[in-house]
Amino acid sequence: MNYHWDWMFFFQETDDGLKYYDWILSGLGWTTFVSLASLAVALILGSALGVMRTTPGRWLVGLGDAYVDLFRNIPLIVQLFMWFFVVPELVPENIGIWMKQDLPYFVTAIVGLGLYTAARIAEQVKAGINSLSRGQRNAGLALGFTEWQTYRYVRLPMAYRIVLPALTSEAMNIFKNSAVTYAVGILELYFQYKQIIEKTSQVLEITIVVTLAYFILAFVMNRILAFVEARTRVPGLIVGQKGGKGS
Amino acid sequence: MIEIKNVSKWYGSFQVLTDCTTQVSKSEVVVVCGPSGSGKSTLIKCVNALEPFQQGSIVVNGIAVEDPKTDLPKLRAKVGMVFQNFELFPHMTITDNLAIAQIKVLGRGREEAVDKGLKLLDRVGLKSQAAKFPGQLSGGQQQRVAIARALAMDPICMLFDEPTSALDPEMINEVLDVMVQLAHEGMTMMCVTHEMGFARKVANRVIFMDRGAIVEDAAKEDFFGQPRSERAQTFLAKILNH
């Protein structure tokens, strides 16, 4: 193999006066920011949708189901292009112009990635709630809780614990999926990766570094959520077991 | 206290309750028994509107539960209910299980709610378990906590839906003892149960249901002495002969 290794190129100056490692760090920053912000959007919206789909209200269930079907069945990159190029043409003209000219790219990217991931989280939250016995809701109602209070105090606290492993995968996925936002102009890690390859052709070094960077991001997220999982474990309860010992 | 009048209920085209009429007066203990699938659990769940019904009316403490204008959470807060599978909240300590509804529904302060909860926990003999989680207790202990949790709301009556059916035999008595004590204190109770010993000891009336209908509704002495219907006789013979 006659590849010319050169790890020092990271410290070379680039056209814009920065070093290549600055590009990497900047990309890492954007990746982290876009991912965490999207995750926040996805968790809030996904939880709301997941709850909606377990309510007795038929309209709410239908609305939630429709959302999940729509956003789960379209590729992420197509969804991002729709938010950037199609939606501004469909909304009233002045809003469309504002979206194209003034709305920062990263906001649209975060909304796009967040709404996509929300559909997946909605599916998990719904599964978590449905895995609880119906008796838990009844017990809450029998004590005088409103329907909403049975979610707030009885069902969601257990549902989140049950689906935390699945949510962990989703939180790790969002870092990896955020690479797609390079296609709509976010200067995140993958964008910088491509740019550095074009400029330097040190493909192996930069690939190793970027791979490691993604790995570490996902891994740190995994460890954080494993810690949350351990902290919220319910004594005396095997995860996934329904309340009570009875039939 | 509880008046059930001509209640019928269908799941789709399948009728689960047929024209059920009975009542539970203040301080009365009524036991509801019958073969499985006879509709007894469904009927008791209609009393606090956990199950809707299509015909008839149920009036609890002067309030019609089927009336769409009825504030159901408010009504249910006054009607204690104990379930077959205990249904304690697994992610909360026993103390929190006892206090949460007092705080969130009745608006009591946390200290008052915990205080009241612990007193009732002591009454069911489980004071030392206050800091544990439901999953760390035996079934019998969980069910006693569930009774204490219902009592903490100062209910005007109590509904029991097969409270001992999910328990191992050696734990049944500890739960029945608590229920007997409650009955002696004058609590109005409607109990779906197969524990005929309990019925003999404290029931005022026994209701026998079969295929969604109330077949027999008699004073305890009459029911055990000479049930009128053949089906009740067969049922009694089956469950008393072992």
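The values are calculated or read from the model by the stated rules, or taken from the named source; none is laboratory data. Everything quoted here is computed from the prediction, not taken from an experiment. Note that each Cβ is placed from the backbone with ideal geometry, even for glycine, and that neighbours are counted across all protein chains shown. The area values use the complete protein model at the heavy-atom level, side chains included, leaving out ligands, DNA and RNA. Shrake-Rupley method; radii C 1.70, N 1.55, O 1.52, S 1.80 Å.
Restricting the first residue to region B:154-172 and requiring it to be facing chain A (nearest Cβ under 10 Å), which pairs with a second residue that is open to solvent by 20 Å² or more (accessible area, probe 1.4 Å) and of a type in the set (Gly, Ala, Ser) meet a Cβ separation below 6 Å and a spacing of at least six or different chains?
Correct list of pairs: B:161/B:41; B:166/A:246; B:166/A:247.
Please determine whether any residue of region B:5-17 is of a type in the set (A, V, I, L, M, F, W, C) and closer than 29 Å to residue B:181 by Cα.
No, region B:5-17 has no match at all.
Could you grab the pairs with beta carbons closer than 8 Å, sequence gap of 6+ or different chains, first residue in region B:75-98 and within 7 Å of chain A (Cβ to nearest Cβ), second one among the acidic types (Asp, Glu) and open to solvent by less than 20 Å² (accessible area, probe 1.4 Å)?
Final answer for the pair search is B:81/B:161; B:83/B:161; B:84/B:161.
From A:39, A:28, A:49, A:113, grab the single residue that is open to solvent by 40 Å² or more (accessible area, probe 1.4 Å), under 26 Å from residue A:175 (Cβ atoms) and in contact (Cβ under 8 Å) with a residue 24 or more places away in the chain.
A:28
Give me the pairs: first residue in region B:42-70 and free of Cβ contacts under 8 Å to residues at least 40 places away in the same chain, second residue loosely packed, with under 15 Cβ neighbours inside 10 Å and of a type in the set (D, E, K, R), beta-carbon distance under 9 Å, and six or more apart or on different chains, which are they?
Note: pairs meeting the criteria are B:63/B:71; B:63/B:74.
When you look at residue B:150, is it within 14 Å of chain A (Cβ to nearest Cβ), among the hydrophobic types (A, V, I, L, M, F, W, C) and either in a helix (DSSP H, G or I) or out of contact with any His (no Cβ under 7 Å at 6 or more places or on another chain) (or both), yes or no?
Against the criterion (within 14 Å of chain A (Cβ to nearest Cβ), among the hydrophobic types (A, V, I, L, M, F, W, C) and either in a helix (DSSP H, G or I) or out of contact with any His (no Cβ under 7 Å at 6 or more places or on another chain) (or both)), residue B:150 qualifies.
In region B:170-220, which residues are out of contact with any Cys (no Cβ under 8 Å at 6 or more places or on another chain), part of a strand (DSSP E or B) and aliphatic (A, V, I, L, M)?
B:215, B:218, B:219
Which members of region B:126-153 meet the condition of being touching a residue at least 40 places away in the same chain (Cβ under 8 Å) and closer than 15 Å to residue B:180 by Cα?
Hits for region B:126-153 are B:143, B:147, B:148, B:151.
Output the number of residues of region B:38-57 satisfying the condition of being touching a Lys or Arg at 6+ places or on another chain (Cβ under 7 Å), crowded, with 22+ Cβ neighbours inside 10 Å and away from every other protein chain (no Cβ under 14 Å).
Result for region B:38-57: 2.
Taking region B:99-113 only, how many residues are free of Cβ contacts under 8 Å to residues at least 40 places away in the same chain and either within 11 Å of chain A (Cβ to nearest Cβ) or open to solvent by 30 Å² or more (accessible area, probe 1.4 Å) (or both)?
9
Specify the residue that is nearest to residue B:158 (Cα to Cα); the eligible residues are those in region A:116-145 that are in contact (Cβ under 8 Å) with a residue 24 or more places away in the chain, polar (S, T, N, Q) and within 14 Å of chain B (Cβ to nearest Cβ).
Across region A:116-145, the extreme among qualifying residues is A:136.
Report, by residue number, each residue of region A:55-68 that is touching a residue at least 40 places away in the same chain (Cβ under 8 Å) and either touching a Lys or Arg at 6+ places or on another chain (Cβ under 6 Å) or of a type outside the set (Val, Ile, Thr) (or both).
A:56, A:64, A:67
List, please: which pairs have Cβ atoms under 8 Å, are six or more places apart or on different chains, and start with a residue in region A:168-180 that is within 14 Å of residue A:229 (Cβ to Cβ) and end with one that is assigned to a helix (DSSP H, G or I) and acidic (Asp, Glu)?
Final answer for the pair search is A:168/A:229.
For region A:46-122, list the helices (runs of 4 or more DSSP H) that sit wholly inside it and hold at least 3 residues that are closer than 18 Å to residue A:188 by Cβ; which are they? Full working, then the answer.
Details: elements: A:58-72, A:76-81, A:87-90, A:93-101.
In region A:46-122, the matching helices (runs of 4 or more DSSP H) lie at A:76-81.
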